[in-house]
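The values are calculated or read from the model by the stated rules, or taken from the named source; none is laboratory data. Computed from a predicted model, the values in this text were never measured in an experiment. Here the Cβ positions follow ideal geometry from the backbone for every residue, glycine too, while neighbour counts run over all protein chains shown.
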Amino acid sequence: MFKVLLRSRLAALRSWLNGSSRNKKRASAGKTVLFALLMLYAAGCVGFMMFGVFSQIAGPFAAAGFSWLYFTMYGLMDLSLMVIGSVFMAKSQLYEARDNDLLMSMPIRPSDILASRMAMLFVMNLGMGLLVCLPAALAWSISGPGLSGAGWACFVLLSLFLAFLALALSCLLGWLLSAVTARVRNRTMMDTAVSLAFLLAYFYFISKMNTAVAALAASGASLAGKLGAVAPLYWLGAAMSDGNLAYFAYLTAICLVPFALAYWLLSATFIRTATQKRGFAKIKYVDRGQKASSVNVALYRRELARFTSSSGYLINAGLGAVFMVAAAVLLALKRGTLLAAFSAMPELVDYAAPLMALAVCLMAGMTTISAPSVSIEGRTLWISQSLPVPPQDILKAKLKLHLSIVLPAALVDIIIILALFRTSGLMLAVTVLLPLIFSVFAAVLGLMANLRHPYFDWVNETQAVKSGASVMIAMFGSWGMVALPSVLLFALPELLTPKAVMCIFTLLTAVLTAAMYRWIMTRGAKIYSEL
Amino acid sequence: MLKIEHLTKTFGNKKAVDDLSLHIQPGEIYGFIGHNGAGKTTTIKACCGILPFDSGEIYVDGRSIKTEPLECKRILAYIPDTPDLYEFMSGIKYLNFIADVYGVTAGDRSERIRRYADVFALTGDLAQPISAYSHGMKQKLALISAWLHAPKLIVMDEPFVGLDPTASYKLKEMMRAHCDAGGAIFFSTHVLEVAEKLCDKVAIIKEGRLLESGSMEEVRGNKSLENVFLELEGDENV
């Protein structure tokens, strides 16, 4: 039975990779290859970033005799990425999946349902883990002394076991989140609050772990025997760097025992958790007459209601805007430190404001509200398609929602940047215009990607928001775009001044945005009406 | 009111609808009957401008759904076979959204929501989120939203599924009143007794092709609609 369930999960994954099943068309081989290349590009971007980080620390750590610390940091980074990346997916996939009722009504053991879902989460964890694992191994081979045979074996096996530990943690945290939010009336607000609290707590924990790692580094490996609670961090690094089999055995137990316990606990409580009903009181309707609104207002309100009703959508797609506001506050608070940093680099002082504007663009690229906005219509798409409204108006409403969230945040950032850094002329125009234009760029890129890659086979909204190819294209496409000025400066240092690069980049962003918007209003609208 | 001319729609190599022609006049309740997968839903979706088709034409009140889709949609209402509505809205917010899109005035919508919600005994639940509704309640809400903008043509896919006996009775009354006032209704159903009692005309479809159509008397003759249907479908096991 487990194999049958696993096959159904894989079929859903295949359907996602082949494109929408709604229009009964399969993606051509060319499109599949293109999609695979895009995914590879996205993975490459993250991998390249990781490689940069590991390359910087591999040599100095090895020279200082702290090889184990390199691998401890790798393990922590690997574990963090896997847990953060899968905890909300675990919550929605395991306990809030649309097909839970159907599967539980069949003669299937709950443990099999759970195992098939956990298997898919495990595969997802492994995929994310590889984005850290491969760059770490490559950087150590190039910039560090390399590993012995036993070291490589420990590295590979412990990386695999860490994925089990991450799975256990994300499933338990997902279970906790689901249990806490199950009986609350305003579930969205509760979900959002709990999720944010979890993220904050998690980041706090990770920062404490970093402090522990720093303490380890300061104390030296000789203290490893007296390390108490943080000893596993040393074992983790030493098992990989030295191929220490005793430490490997400890770590294997630390990774696999919690996984076994989590599986046992969750399978014992699966039916109860998955069937928990929200017991809120009925809201009494009082007829106070109705008010009319224009079509455009109605369409915008619909998009807003959808966005604010789903904590998964709110958190995953709107986090960039939150970061933008937080960054503005941080900029204002850390003004002195930042100004001192820039004055230490006189060649950059003139470009401080546009550089900060680029940072705003990076955060605007993290806001992906428009990217799943078509997919999330799911089974209710018939309503939009049967309404006497041009598809262009519906698509505009999706863009308006995105922009109404991200543009005010971008404006706040721009005001703070202008207050902090003196700039004038063209660079002033770039500082003001670039974040605004780029916000529109990210919005239209996301919507265009979603029209090209709609995903309707989702089991819950979080899956629609997180798993869709359009979200990845929007986010990594935006980040790739932000990297363009550096690429131009690096490739053509003789030909282009930083000022020219920023102007060209702003202009290029505007032109691309206009082209994509035109595509959405013509070809995109046709695609939408025929989905 | 609704004219389907030589409609053909294929999915891959399969012809879901094959050269289908029907004509629904104002004042008619037109039943659309066929086994599962016969092409009823495909035809209905094509009539509402939701599904593009390969060849043929569909006219709603004299306007082509291909060239003037918005004008056609303005005067028709569609109810699908499963009432998948916006679960993130309350019932009243959904009705107001539909009324806004169709440009129903505040006064008209207040009166109609009151009237139809009372008919389906849904008034007390209008403030509830749709996610808390049962299947039948969602179907009632979909029906109210269809009648809300006073369309000329109502196209429904299995409208009686999930309704309780009282709601089914009320719906039949509403359908008759709508057509008596000059509107038209085109709906699919598997409940042959309902079709027999309610419809002015009926069409029977099999594997995308029209087997029989006409007034209930013409199609049925001296037999029951069920017998005619089974004979036409060629079910030898019955």
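In table form, for the structure just shown:
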read-out	value
Top-ranked residue in the range B:38-64 [being within 17 Å of B:Q25 (Cα to Cα) and in contact with a helix residue (DSSP H, G or I) (Cβ under 7 Å, 6 or more places away or on another chain); ranked as farthest from the other protein chains (Cβ to nearest Cβ)]	B:I58
Yes/no for A:V360 being modelled with pLDDT of 90 or more, of a type in the set (A, V, I, L, M) and either outside any helix (DSSP H, G or I) or under 15 Å from A:R302 (Cα atoms) (or both)	no
Helices (runs of 4 or more DSSP H) fully within the range A:82-198 counting 2 or more residues that are within 26 Å of A:I254 (Cα to Cα)	A:110-143, A:149-181
Helices (runs of 4 or more DSSP H) enclosed by the range A:290-345 - at least 3 residues per element that are surrounded by fewer than 21 Cβ atoms within 10 Å (Cβ to Cβ) and β-branched (V, I, T)	A:295-309, A:311-333
Conditions (1) within 23 Å of A:P435 (Cβ to Cβ); (2) crowded, with 20+ Cβ neighbours inside 10 Å; (3) at pLDDT 85 or above: number failed by A:Y351	(3)
Residue match in the range A:247-268 (condition: within 10 Å of another protein chain (Cβ to nearest Cβ) and surrounded by 14 or more Cβ atoms within 10 Å (Cβ to Cβ))	no
Residue list for the range B:133-159, restricted to those being assigned to a loop (DSSP other than H, G, I, E, B), of a type outside the set (S, T, N, Q) and on the phi < 0 side of the Ramachandran plot	B:Y133, B:H149, B:P151, B:K152, B:P159
Flag if B:V228 is touching a helix residue (DSSP H, G or I) at 6+ places or on another chain (Cβ under 7 Å) and either in the same structural domain as B:I29 (by TED's automatic domain parsing) or outside any loop (DSSP other than H, G, I, E, B) (or both)	yes
Qualifying residue in the range A:258-272 (condition: closer than 30 Å to B:A121 by Cβ, of a type in the set (D, E, K, R) and out of contact with any His (no Cβ under 6 Å at 6 or more places or on another chain))	no
Residues being aliphatic (A, V, I, L, M) and part of a loop (DSSP other than H, G, I, E, B) - total across the range B:7-42	1
Pairs, first more than 7 Å from chain B (Cβ to nearest Cβ) in the range A:280-292, second assigned to a loop (DSSP other than H, G, I, E, B) and at pLDDT below 85, C-beta under 9 Å, six or more apart	A:F280/A:R183; A:F280/A:V184; A:F280/A:R185; A:F280/A:N186; A:A281/A:R185
Residue match in the range B:37-56 (condition: within 25 Å of B:D200 (Cβ to Cβ) and exposed (fewer than 15 other Cβ atoms within 10 Å of the Cβ))	no
So A:G365, is it of a type outside the set (S, T, Y), within 29 Å of A:V501 (Cβ to Cβ) and either in contact with a Gly (Cβ under 6 Å, 6 or more places away or on another chain) or assigned by TED's automatic domain parsing to the domain that holds A:C503 (or both)	yes
The one condition in (1) within 14 Å of another protein chain (Cβ to nearest Cβ); (2) under 30 Å from A:T506 (Cβ atoms) that A:L319 fails to fulfil	(1)
The range B:77-103, residues that are within 7 Å of chain A (Cβ to nearest Cβ) and part of a loop (DSSP other than H, G, I, E, B)	B:P80, B:D84, B:L85, B:Y86, B:F88, B:M89
Condition check for A:L167: at pLDDT 75 or above, surrounded by 13 or more Cβ atoms within 10 Å (Cβ to Cβ) and either under 26 Å from the mean Cα position of the chain (by Cα) or not hydrophobic (A, V, I, L, M, F, W, C) (or both)	yes
The range A:323-347, subset in contact (Cβ under 8 Å) with a residue 60 or more places away in the chain and within 22 Å of A:P408 (Cβ to Cβ), residue farthest from the other protein chains (Cβ to nearest Cβ)	A:R335
Which listed residue, of A:P372, A:P388, A:P408, is without any contact (Cβ under 8 Å) to a residue 12 or more places away in the chain, of a type outside the set (F, W, Y) and in a loop (DSSP other than H, G, I, E, B)	A:P388
Count - residues of the range B:105-117 that are facing chain A (nearest Cβ under 7 Å), among the aliphatic types (A, V, I, L, M) and buried (at least 22 other Cβ atoms within 10 Å of the Cβ)	1
Out of B:L210, B:L153, B:L225, B:L230, sole residue that is surrounded by 15 or more Cβ atoms within 10 Å (Cβ to Cβ), out of contact with any Lys or Arg (no Cβ under 9 Å at 6 or more places or on another chain) and either small (G, A, S) or without any contact (Cβ under 8 Å) to a residue 24 or more places away in the chain (or both)	B:L230
Qualifying residue in the range A:121-139 (condition: touching a residue at least 12 places away in the same chain (Cβ under 8 Å), in contact with a Leu (Cβ under 7 Å, 6 or more places away or on another chain) and more than 23 Å from A:A42 (Cβ to Cβ))	no
